[in-house]
1. Pop a pseudo-label 7 angstrom from the Cα along the beta-carbon direction at both Val18 and Met1 and give the gap in nm to one decimal.
2. State, to one decimal in nm, how far the label point of Ala84 lies from the label point of Val46, with both points 7 Å from Cα in the Cβ direction.
3. Evaluate E = 1/(1 + (r/R0)^6) for Arg26 and Leu162, where r is the Cβ-Cβ distance and R0 equals 45 Å; express this FRET efficiency to the nearest 0.05.
4. Would you work out the Kirkwood radius for the range 2-166? I mean one over the mean of 1/r across all pairs of different Cα atoms, in Å.
5. Let me know the shape class of the range 38-87, please: from the alpha-carbon gyration tensor, a ≥ b ≥ c as square roots of the eigenvalues, rounded when a/c is under 1.5, otherwise prolate if a/b is greater than b/c, or oblate.
6. Say we join alpha carbon atoms closer than 10 Å with springs in a Gaussian network model of the chain; which of Gly63, Gly157, Gly37 then has the biggest fluctuation?
7. In sequence order, what are the phi-derived ³J(HN,Hα) couplings for the range 62-77 according to the Karplus relation 6.51 cos²θ - 1.76 cosθ + 1.60 with θ = phi - 60°, rounded to whole Hz, with x for glycine and proline?
8. Please list, in order along the range 139-154, the HN-Hα scalar couplings obtained from phi with the Karplus expression 6.51 cos²θ - 1.76 cosθ + 1.60 (θ = phi - 60°), rounded to whole Hz, x for Gly and Pro.
Amino acid sequence: MRLVGAALIAAAFAALGVSESLRLRRRARLVSALCSGLELLRGEIVSRLAPMPEAAERLARYGPEPARGFYAAVCAGLENLGGAEFSEIWRRALGLLDLPDPARAAMENLGGSLGRYGAEEQAAAISACEQELRREAERAAQEAQVMGRLRAGLAAGAGLILAIVLY
């Protein structure tokens with residue numbers, strides 16, 4: 001019975017480590033998807049001169065998969081404005097995402113510019129945010145690769161040590 005308990009402890013810690021590794025990978029994919037979504041958003045605003053509600057709806061339907069939920073939350077917020085500014089709706093939608101702080105800050109800054117200025121100014125703000133997200137996507141991918149393995153290994157090792165101590 002003690003052996004089964006020790007094995008369960010080791011397995012639980014290993015699962016925790018794998019879960020953290022997967023979270024880091026999802027985060028890297030999300031930042032990359034947001035970056036791709038910004039390319040599409042810039043096209044919608046500059047080429048099609050689409051208003052923000054229409055552009056957000058299009059991205060919620062056809063944008064990169066990991067970022068669709070964000071744009072869907074923006075659309076839902078726009079439908080229920082209730083006196084809220086667009087930047088606040090954008091910030092609330094960002095709250096649903098697991099983003100690194102630099103990426104979150106860049107996206108929040110962008111939310112303050114969208115819908116307030118002309119197409120060219122918005123395109124410049126999107127490009128600046130996109131550059132920051134590209135840098136952050138590279139960092140997140142490296143972190144997922146290195147730290148993901150490290151955290152998974154450390155958690156599995158800690159589980160084994162605890163199982164040995166308790167056995």
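1. 2.8
2. So the two model labels end up 2.9 nm from each other.
3. For Arg26 and Leu162, the calculated efficiency is 0.95.
4. Its Kirkwood hydrodynamic radius stands at 17.5 Å.
5. In terms of gyration-tensor shape, oblate.
6. Gly157
7. 10, x, x, 3, x, 9, 4, x, 4, 5, 5, 5, 5, 4, 4, x
8. Ordered by residue, 3J(HN,Hα) equals 4, 5, 5, 5, 5, 4, 5, 7, 6, x, 5, 4, 5, 5, x, 5 Hz.
None of the figures in this text is laboratory data; all of them are computed from the coordinates on show. The structure presented is a predicted model; accordingly, all values stated were derived computationally and were not measured. Glycine gets a Cβ as well: all are built from the backbone with ideal geometry, and neighbour counts include every protein chain shown.
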